[in-house]
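The values are calculated or read from the model by the stated rules, or taken from the named source; none is laboratory data. Only a predicted model underlies this, so the values are computations on that prediction, with no experimental measurement involved. Every residue, glycine as well, gets a Cβ built from its backbone with ideal geometry; the counts of neighbours run over all protein chains shown.
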Amino acid sequence: MLASWDELSPYSRLLNIDGMEPRQYQISIARSIYNGDSTLVILPTGLGKTLIAALAMARALHQGKKAIFLAPTKPLSEQHFSTMRKLLNVDTDAMVLLTGSMQRKKRIEVEQQAKVIVGTPQTVANDLKRAALSLDNVGLVVFDECHRAVGKYSYTYIANECKLRGIQVVGLTASPGSDKRKISVLVDTLGIRNIEVRTSTDMDVAPYVMQKDTSVIYVEKSGTVNAIASLLKPVIDEHLQALYSNGLSPFKNFEHMPKGRLLEIGDYIMKLEARNYRFMAIFHYAYVLHLAHAYDLITTEGIAPFLGYMKGLDEKAEKSRNVRSILSNSSVVAARKIASQAEERGEEHPKMAALVSLLNGNLKGESVIVFAQYRSTIKKIVSLLSSNDIKAVAFVGKKEGVTQAHQQQTISEFRDSLFRVLVTTSIGEEGLDIPAVDAVVFYEPIPSEIRNIQRKGRAGRLKYGKVFILVTLGTRDEAYLMISRIKEKRMYDIIMRMKDKLSALPSASRQQKLS
């Protein structure tokens with residue numbers, strides 16, 4: 001049976017969808033939302049979550065209610081506002097964009113007249129707290145990238161206000177994570193009673209999913225990288241063993257220790273009451289913390305990032321006796337000397353050469369986003385690509401002194417093909433209107449399933465896409481690659497079980513918190 005917009009009548013009359021192909025999964029999800037329950041929509045990137053939001057908002061507007069659409073950043077809010085003005089058959093004067101750039105007095109004036117509000121959660125939450133904005137007569141609030149609705153983020157305040165007033169909520173995300181407790185908290189925070197989840201292999205979605213091939217490119221550590229790593233590892237192991245012997249670490253081998261657990265050990269040490277015992281623990285912990293990070297940088301990132309981090313430690317040495325001890329360690333001194341000599345020879349991590357080869361080979365002439373964890377790595381990548389006649393530009397956040405206007409200019413130039421490779425940190429994963437590209441390259445794997453899905457979603461939205469992941473053999477890269485795959489599978493397993501559990505509850509009971 002072919003899908004038809006008539007299935008959503010009379011609400012579809014409030015939408016400018018002539019000429020748009022109706023997709024059965026979008027209609028099915030919209031009809032599910034029309035039942036009135038607060039709904040979590042989990043849908044792969046590029047499959048029209050914004051249109052589903054518009055379909056949901058049309059129902060609220062038809063009922064004489066107002067509708068609010070929230071997006072995590074100003075650029076994304078502006079993008080969605082432009083889209084809603086095209087999709088919704090509503091007087092544009094009755095639609096308002098609320099961001100921090102609009103003066104408060106002006107916001108109060110337009111908020112009172114608006115039928116449709118699109119804005120950032122920070123601005124909307126602040127106006128609610130000041131009683132400048134009322135949720136009276138609001139029938140629906142949409143939370144884009146709703147996995148952010150945790151902790152003290154503004155989404156949580158707005159969601160609680162919606163629950164108090166019985167306002168329907170629709171949460172949109174490509175990935176809510178793979179932690180059952182966190183997903184349960186998200187469901188509870190948003191007051192979710194209904195979950196609509198689709199994967200790229202579902203029958204109603206598969207015809208619209210562009211093929212996306214993922215390839216892993218393995219590289220061996222170079223002789224230089226191995227030499228530096230072999231100097232650092234015994235020092236780290238020595239100090240980790242001291243922590244282990246004193247019952248302060250459950251791990252003997254730092255390479256098997258998740259970074260989160262290492263930070264937890266530090267938090268525990270700082271709370272120790274025995275002063276001399278704490279000083280001893282802090283001394284050993286400082287070695288493990290700093291040198292384990294330096295080890296990861298040299299084995300998975302590059303020589304320049306490693307030397308950059310060590311230079312940062314030089315700046316801390318004046319105020320820290322522990323850091324001075326680390327920097328004067330003979331093995332650390334020798335490791336830095338080898339790295340400095342290699343840098344003078346123009347040597348870099350094997351991943352760098354693999355990246356250049358990939359961009360000049362399989363991806364020659366194509367638009368590409370390269371994701372990397374560290375700013376120092378990004379700086380080196382851009383420099384290396386430019387020296388190999390590959391037009392590349394770094395895209396980083398405000399912490400590096402980059403203004404929003406400059407960010408938007410960079411995105412605009414990328415969209416206009418003034419350069420073909422955008423090299424970015426996690427800022428390029430969500431919250432910005434970065435165009436779809438031919439390919440995405442992970443300079444290193446990441447253990448986060450949310451970020452993994454978001455990164456991959458940048459490629460292959462409108463046509464065949466490619467994803468490449470660079471992995472250094474015998475390093476943390478291999479573990480992170482495996483972890484991301486396991487977490488993504490676990491996420492869908494948890495969501496389906498939670499969906500079944502919600503569906504089994506009587507309608508009046510579905511607001512109860514899931515255990």
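For (1) without any contact (Cβ under 8 Å) to a residue 12 or more places away in the chain; (2) closer than 28 Å to ALA206 by Cβ; (3) more than 28 Å from the chain's Cα centre (by Cα), each residue gets a yes or a no:
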residue: ARG23; (1), (2), (3): no, yes, no
residue: ARG31; (1), (2), (3): no, yes, yes
residue: ASN35; (1), (2), (3): no, yes, yes
residue: ALA58; (1), (2), (3): no, yes, yes
residue: PHE81; (1), (2), (3): no, no, no
Among all residue pairs at least 6 apart or on different chains, which show Cβ distances below 9 Å where the first residue, located in the stretch 343-360, is more than 16 Å from ILE469 (Cβ to Cβ) and the second is small (Gly, Ala, Ser) and not in a helix (DSSP H, G or I)? GLU347/SER222; GLU348/SER222; GLU348/GLY302
So HIS293 ticks every box in (1) crowded, with 17+ Cβ neighbours inside 10 Å; (2) within 16 Å of ASP477 (Cα to Cα) but one. Which box is left unticked? (1)
Within the stretch 47-72, can you find the residues that are out of contact with any Phe, Trp or Tyr (no Cβ under 9 Å at 6 or more places or on another chain), farther than 13 Å from GLY139 by Cα and either surrounded by fewer than 20 Cβ atoms within 10 Å (Cβ to Cβ) or outside the structural domain of VAL142 (by TED's automatic domain parsing) (or both)? LEU51
Report the residue count in the stretch 384-420 for those that are acidic (Asp, Glu) and assigned to a helix (DSSP H, G or I). 2
Within the stretch 466-478, identify whether any single residue is at pLDDT 80 or above and loosely packed, with under 15 Cβ neighbours inside 10 Å, and answer yes or no. yes
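Here is a yes/no grid of residues against (1) assigned to a loop (DSSP other than H, G, I, E, B); (2) over 24 Å from ALA227 (Cα atoms); (3) assigned by TED's automatic domain parsing to the domain that holds SER426; (4) not basic (Lys, Arg):
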position	(1), (2), (3), (4)
GLU315	no, yes, no, yes
VAL333	no, no, no, yes
LYS337	no, no, no, no
VAL382	no, yes, yes, yes
Only one of PRO10, PRO44 is more than 21 Å from VAL116 (Cβ to Cβ) and outside the structural domain of GLN407 (by TED's automatic domain parsing), namely PRO44
